[in-house]
Amino acid sequence: MNPQDGNIVNGVHMFAVRVYFEDTDLSGIVYHANYLRYMERARSDMLRLAGIDQRMAIESGEGAYAVADVSIKYVRPAKLDDALLVESRLKRLRAAACEIEQFIFRSGELITSALVTAVLIGPEGRPRRQPKAWRDTFERLMSAGKTSGDRNGN
């Protein structure tokens, strides 16, 4: 049995998450760092669905993505047993990095948003140019997202 995969529609990756007891603090509200975990899972799933094999890239010495910067805004709290949807879209592409906007919704209501900069780091620990095939894939996703618009007014 495979874990639930997200999907990409018009350049936007959508990933469902359920809030479990382990995700919450004593009050039943999601602990702030867990939103970052949900977003990380969504980004990893987006890469997988786009055909980028992170494990192979690491094992072959190509490198791995690392978060270089994140700006996050908490709008409303998520609570125990909430069904959440993480939407991710590529905003900007650079030689060694990409900026990804991520939004977490509960029943269509925005609860958290973030802008994440992920940098491809080589085995020596320095930024490395992303492979052309990856950049081409990201460009296609960004183009698909621009032609469809988005529900967040961007």
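Could we say that Gly61 is surrounded by fewer than 16 Cβ atoms within 10 Å (Cβ to Cβ) and under 19 Å from His13 (Cα atoms) here? Show your work before the answer.
Details: surrounded by fewer than 16 Cβ atoms within 10 Å (Cβ to Cβ): yes; under 19 Å from His13 (Cα atoms): no.
The answer is no for Gly61.
Among residues of region 1-38 being among the aromatic types (Phe, Trp, Tyr) and open to solvent by 80 Å² or more (accessible area, probe 1.4 Å), the one that is nearest to Leu84 (Cα to Cα) is Tyr20. Total residues in region 112-127 satisfying the condition of being under 11 Å from the mean Cα position of the chain (by Cα) and open to solvent by 40 Å² or more (accessible area, probe 1.4 Å): the figure is 1.
Put simply, of Glu62, Glu87 the only residue that is assigned to a strand (DSSP E or B), among the acidic types (Asp, Glu) and within 30 Å of Ala133 (Cβ to Cβ) is Glu87.
The residue pairs whose first member lies in region 95-111 and is modelled with pLDDT of 95 or more and open to solvent by less than 10 Å² (accessible area, probe 1.4 Å), whose second member is in a loop (DSSP other than H, G, I, E, B) and of a type outside the set (Phe, Trp, Tyr), and whose beta carbons are closer than 7 Å, counting only pairs six or more residues apart or on different chains, are Ile111/Val75; Ile111/Arg76; Ile111/Ala78.
I'm trying to understand the selection: among the residues of region 11-54, which are of a type outside the set (A, V, I, L, M), more than 18 Å from Leu115 (Cβ to Cβ) and part of a helix (DSSP H, G or I)? I'd like the intermediate steps shown before the answer.
Step one: list which residues in region 11-54 are of a type outside the set (A, V, I, L, M), which gives 11, 13, 15, 18, 20-25, 27-28, 31-32, 34-35, 37-38, 40-41, 43-45, 48, 51, 53-54.
Checking which are more than 18 Å from Leu115 (Cβ to Cβ) leaves us with 18, 20-25, 27-28, 31, 34, 45, 48, 51, 53-54.
Within region 11-54, Phe21, Glu22, Asp23, Asn34, Asp45, Arg48, Gln54 qualify.
Tell me, please, whether a residue that is of a type in the set (Val, Ile, Thr) and touching a Ser or Thr at 6+ places or on another chain (Cβ under 8 Å) can be found in region 76-86. Write out each step before concluding.
To start, the set of residues in region 76-86 that are of a type in the set (Val, Ile, Thr) comprises 86.
Filter once more, keeping what is touching a Ser or Thr at 6+ places or on another chain (Cβ under 8 Å): none.
For region 76-86, residues of a type in the set (Val, Ile, Thr) and touching a Ser or Thr at 6+ places or on another chain (Cβ under 8 Å): absent.
The values are calculated or read from the model by the stated rules, or taken from the named source; none is laboratory data. Since the structure is predicted, the reported quantities are computational estimates derived from the model, not experimental observations. FYI the Cβ positions are ideal-geometry reconstructions off the backbone, even for glycines, and counts take in every protein chain you see. Side chains included, ligands, DNA and RNA excluded: accessible areas come from the protein's heavy atoms. Shrake-Rupley method; radii C 1.70, N 1.55, O 1.52, S 1.80 Å.
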